[in-house]
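Following: one structure in structure tokens, then a few remarks.
The values are calculated or read from the model by the stated rules, or taken from the named source; none is laboratory data. On a predicted model such as this, the values are computed, not experimentally measured, just so you know. Here the Cβ positions follow ideal geometry from the backbone for every residue, glycine too, while neighbour counts run over all protein chains shown.
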Amino acid sequence: MFTFNPPHNMLKNKNILITGASDGIGKCCAETFASYGATLVLLGRSQEKLEKLYDSIEQKYPNKVIIQPLNFESAVEADYKVLADSISDQLSSLDGIIHNAGILGARSPIEFYSAEDWNKTIQVNVSAPFLLTKVLLECLKESADARVLFTSSSVGRKGKANWGGYAVSKFALEGFMQTLADELKNTSKVKINSINPGGIRTAMRRAAYPAENPDSQPEPKVLMPLYLYLFSKEAANIHGETLSFQDFNPLDYPHSYK
């Protein structure tokens, strides 16, 4: 398993936005990144959950968190522009985005997949990351070393029956990541990658595999060394890559590993 032990202040003076911050991997990222000095912008559907997380982090690391409730199912382009303006007013630049928010959608054959479920899944899992990234690109370009990390899935790299809109949305997200990475590789310092976290003990995993013993999967904290690494100077040259937690080896990227 990949290990990484960065200095405790590795993310000092870094401003990082995390979507889906209320639960699971997003929440773990928020708590972990705050502990390494980052200032956080946390997005989620539930203001109650965000406020609870805010209080928890604020108690340990004062003045490090901004919360922003936003429902990706109903948000329109104007809502994202308001968010971008708010971030620009409060922060000098944005040093990273972790696109963690997503929904599972229906688990059924395409033949029986409803248009309503399809549209909702694509809206949350593809259109929301597109709109959010688009409006925040200028903020990211103000950073000397910005990173954007999209959350992928194994079913977004090899199609699998009955995964419907979720699988298709993750394929689309991979395509978006690769397209954006290619566009930015010679025009900015922003690094774009995707990561497949694999089986992790989350609410979405329980919904996808209701017969599975939840304890058979590791908690989100096992991912944190890799997430931190991807925001470190050691990973500065990793760009446009489809990464997987289970088989990540920094030696595969010799120009970035020291």
Please list, ordered by first then second residue, the pairs with beta carbon atoms under 6 Å, 6 or more apart or interchain, first in region 59-85 and in contact (Cβ under 8 Å) with a residue 12 or more places away in the chain, second among the polar types (S, T, N, Q) and part of a helix (DSSP H, G or I).
PRO69/GLN47
If you check ILE97 against the conditions, is it under 27 Å from LEU228 (Cβ atoms), touching a strand residue (DSSP E or B) at 6+ places or on another chain (Cβ under 9 Å) and modelled with pLDDT of 95 or more?
yes
Pairs with Cβ under 9 Å, 6+ apart, first in region 4-29 and free of Cβ contacts under 8 Å to residues at least 40 places away in the same chain and over 12 Å from TYR227 (Cα atoms), second basic (Lys, Arg) and in a loop (DSSP other than H, G, I, E, B)
SER22/ARG45
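Rundown of residues vs (1) assigned to a loop (DSSP other than H, G, I, E, B); (2) touching a Leu at 6+ places or on another chain (Cβ under 7 Å); (3) charged (D, E, K, R), yes/no style:
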{"residue": "LYS12", "(1), (2), (3)": "yes, no, yes"}
{"residue": "LEU53", "(1), (2), (3)": "no, yes, no"}
{"residue": "ALA75", "(1), (2), (3)": "yes, no, no"}
{"residue": "ALA78", "(1), (2), (3)": "no, no, no"}
{"residue": "ILE103", "(1), (2), (3)": "yes, no, no"}
Kindly list, by first and then second residue, each pair from a residue in region 95-118 that is touching a residue at least 60 places away in the same chain (Cβ under 8 Å) and crowded, with 18+ Cβ neighbours inside 10 Å to a residue that is in a loop (DSSP other than H, G, I, E, B) and among the polar types (S, T, N, Q), limited to pairs with Cβ atoms under 6 Å and residues at least 6 apart or on different chains.
ASP95/SER143; HIS99/THR19; ASN100/THR19; ALA101/THR19
So VAL222, is it crowded, with 18+ Cβ neighbours inside 10 Å and in contact (Cβ under 8 Å) with a residue 40 or more places away in the chain
no
So, of the residues in region 14-36 that are assigned to a loop (DSSP other than H, G, I, E, B) and of a type outside the set (Lys, Arg), which turns out to be surrounded by the most Cβ atoms within 10 Å (Cβ to Cβ)?
ALA21
Find the helices (runs of 4 or more DSSP H) located wholly in region 156-258 whose residues include 3 or more that are within 30 Å of GLU116 (Cβ to Cβ), and list them.
164-184, 203-208
Scan region 172-198 for residues that are at pLDDT 95 or above, buried (at least 16 other Cβ atoms within 10 Å of the Cβ), more than 16 Å from LYS120 (Cα to Cα) and not basic (Lys, Arg) and report the count.
13
Here the residues within region 121-155 that are in a loop (DSSP other than H, G, I, E, B) and either under 16 Å from THR179 (Cα atoms) or of a type in the set (Val, Ile, Thr) (or both) are SER152
Qualifying positions in region 99-147 - β-branched (Val, Ile, Thr) and touching a Gly at 6+ places or on another chain (Cβ under 7 Å)
ILE110, THR121, ILE122, VAL124
With respect to the numbered conditions (1) under 14 Å from ILE18 (Cβ atoms); (2) crowded, with 16+ Cβ neighbours inside 10 Å, which one is the sole condition not fulfilled by SER88?
(1)
How many residues are under 19 Å from SER108 (Cβ atoms), surrounded by fewer than 18 Cβ atoms within 10 Å (Cβ to Cβ) and touching a helix residue (DSSP H, G or I) at 6+ places or on another chain (Cβ under 8 Å) when one looks only at region 154-170?
2
